[in-house]
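Below: one structure, written as structure tokens.
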Amino acid sequence: MIDLYYWTTPNGHKITIFLEETGLPYRIVPVNISTGEQFKPDFLAIAPNNRIQAIVDHAPEDGGGPLGLFESGAILEYLADKTSRFLPADPRPRAEVLQWLYWQMGGLGPMAGQNHHFVQYAPEKLPYAINRYVNETNRLYGVLDKRLADRAFIAGDYSIADMASYPWIVLHERQQQDLAEFPHLKRWFEMLRARPAVQRAYALAEAINTAPVVSEESRAVLFQQTARTSAGA
């Protein structure tokens, strides 16, 4: 059994998509990041970066005690190895999947996340910041569109690279991106959106987070933390 410490963000959706695709038994432990639950000591013991999501595997392959992990890319890689699915064992195709997984972790996710912040949440509209991150998101969409021009999926067969990137493309309108400009990316996006496991993952999110509204109080929790205020809060 996997305990999934989860909230309804793109990084959270990555893991529920994987778990739904594989049928690996799991239990959702909601961590409402808008109310500061990510700063509780029991969660910080698993995820010291106070970000969702995290997992605890109660049946790790080594037969030892429960194993906790944080960081969505590391979790996807771990679960793929655990199940022998969606990440090739052969070194060359494995490297291809992992480089695109890390591309999402180091590029698409952080840049789209800053896009969300300055476009949607920042109390002051800063044109330079908005243009910077909207344009960089657009550039990354272009990279992915070019990659998908001659292939169905990002790295060979359907893999954790696709699962990692898809939730960030779901929010393309919020990111001020028009998928019509990226025909190969749009085709891929619509194909993934039609997968039953993806649909189940997003239906689960709607049932867990019924009021996804950022208030002034939650804005302070989400965006104004420092090392002092977040340590063991």
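Yes or no: Glu136 in a loop (DSSP other than H, G, I, E, B) and either crowded, with 17+ Cβ neighbours inside 10 Å or not aromatic (Phe, Trp, Tyr) (or both)? So Glu136 fails the test.
Being under 27 Å from Pro196 (Cα atoms), surrounded by 15 or more Cβ atoms within 10 Å (Cβ to Cβ), modelled with pLDDT under 95 and out of contact with any Cys (no Cβ under 7 Å at 6 or more places or on another chain) is a property that holds for Thr9.
Of all the residues in region 120-148, those that are at pLDDT below 95 and of a type outside the set (Gly, Ala, Ser) number 5. From the list Ile55, Ile46, the one residue that fits, being buried (at least 23 other Cβ atoms within 10 Å of the Cβ), outside the structural domain of Pro110 (by TED's automatic domain parsing), at pLDDT 95 or above and touching a Leu at 6+ places or on another chain (Cβ under 9 Å), is Ile55. Within region 143-161, the set of residues being closer than 19 Å to Gln199 by Cβ and not in a loop (DSSP other than H, G, I, E, B) comprises Phe153, Ile160.
Asn209 meets all of the listed conditions (1) modelled with pLDDT of 95 or more; (2) closer than 30 Å to Asp81 by Cβ; (3) of a type outside the set (Phe, Trp, Tyr) but one, namely (1). For region 83-104, check the following and say yes or no: at least one residue is at pLDDT 95 or above, closer than 17 Å to Tyr158 by Cβ, surrounded by fewer than 18 Cβ atoms within 10 Å (Cβ to Cβ) and among the β-branched types (Val, Ile, Thr). Within region 83-104, one or more residues are at pLDDT 95 or above, closer than 17 Å to Tyr158 by Cβ, surrounded by fewer than 18 Cβ atoms within 10 Å (Cβ to Cβ) and among the β-branched types (Val, Ile, Thr). Within region 181-192, the set of residues being surrounded by fewer than 17 Cβ atoms within 10 Å (Cβ to Cβ) and either more than 13 Å from Val170 (Cα to Cα) or touching a residue at least 24 places away in the same chain (Cβ under 8 Å) (or both) comprises Glu181, Pro183, His184, Arg187, Met191.
Only one entry in Ala95, Ala112, Ala164 is in contact with a Lys or Arg (Cβ under 7 Å, 6 or more places away or on another chain) and assigned to a helix (DSSP H, G or I), namely Ala164. If I filter region 184-199 for residues that are among the aliphatic types (A, V, I, L, M) and at pLDDT below 90, do I get at least one hit? No: region 184-199 contains no residue that is among the aliphatic types (A, V, I, L, M) and at pLDDT below 90. Counting only strands (runs of 3 or more DSSP E) that sit completely within region 3-90, those holding 2 or more residues that are over 16 Å from the mean Cα position of the chain (by Cα) and free of Cβ contacts under 8 Å to residues at least 40 places away in the same chain correspond to 26-30, 67-70.
The values are calculated or read from the model by the stated rules, or taken from the named source; none is laboratory data. Given the structure is predicted, the values throughout are model-derived calculations rather than measurements. Neighbour counts run over all protein chains shown; Cβ positions are idealised from the backbone, glycine included.
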